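Working notes, beginning with the structure itself.
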Amino acid sequence: MPLTEEYSQKVHEAYQATQEKDGMTNPNLKKLQKLLKYYPENKGLKVDGFYGGNTIDAVKSFYDDYYWTSERKMERMVELHGEEYIMRSEMEGMMETPPDTSDSDRY
């Protein structure tokens with residue numbers, strides 16, 4: 001189950017709960033740690049309710065390896081900057097021409 005979209009969303013929601021005002025509580029952290037333990041690289045993570053280095057590393061690896069898909073990255077960019085900004089950036093990128101690296105001038 002851990003590698004499903006639904007499970008990733010549960011982990012994300014548990015992490016978001018810890019980031020809310022007064023959300024860094026022992027029960028919230030334990031829930032997050034329990035969810036993170038299902039990922040192979042986090043098998044040794046202690047469910048102790050403390051936001052220490054191991055939990056920080058587990059959260060970071062979860063987001064890097066499982067949560068931030070291309071679609072989610074694009075949704076987040078649109079959420080932060082708006083669709084018009086994204087489209088304008090794409091158009092600007094398409095209009096930039098790479099330098100000519102052909103060998104036609106050598107001969």
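Filtered by the rule that a residue be more than 17 Å from Gly49 (Cα to Cα), polar (S, T, N, Q) and surrounded by 15 or more Cβ atoms within 10 Å (Cβ to Cβ), region 5-27 gives a lone residue, Ser8. Each residue in region 5-16 was checked for being over 16 Å from Ile56 (Cβ atoms) and either touching a Leu at 6+ places or on another chain (Cβ under 9 Å) or without any contact (Cβ under 8 Å) to a residue 24 or more places away in the chain (or both), and 6 pass. Of the helices (runs of 4 or more DSSP H) lying entirely inside region 15-107, those carrying at least 3 residues that are at pLDDT below 80 and more than 18 Å from Glu5 (Cβ to Cβ) are 83-95.
For every residue, the table says whether it meets (1) exposed (fewer than 12 other Cβ atoms within 10 Å of the Cβ); (2) over 14 Å from Tyr15 (Cβ atoms); (3) touching a residue at least 40 places away in the same chain (Cβ under 8 Å); (4) touching a Cys at 6+ places or on another chain (Cβ under 6 Å).
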residue: Leu29; (1), (2), (3), (4): no, no, no, no
residue: Leu36; (1), (2), (3), (4): no, no, no, no
residue: Pro40; (1), (2), (3), (4): yes, yes, no, no
residue: Gly53; (1), (2), (3), (4): yes, yes, no, no
residue: Ile56; (1), (2), (3), (4): yes, no, no, no
residue: Ser61; (1), (2), (3), (4): no, no, no, no
residue: Tyr67; (1), (2), (3), (4): no, no, yes, no
residue: Arg88; (1), (2), (3), (4): no, yes, no, no
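The values are calculated or read from the model by the stated rules, or taken from the named source; none is laboratory data. Since this is a predicted model, take the numbers as computed values, not measurements. Virtual Cβ from ideal backbone geometry, glycine too; neighbours counted across all protein chains shown.
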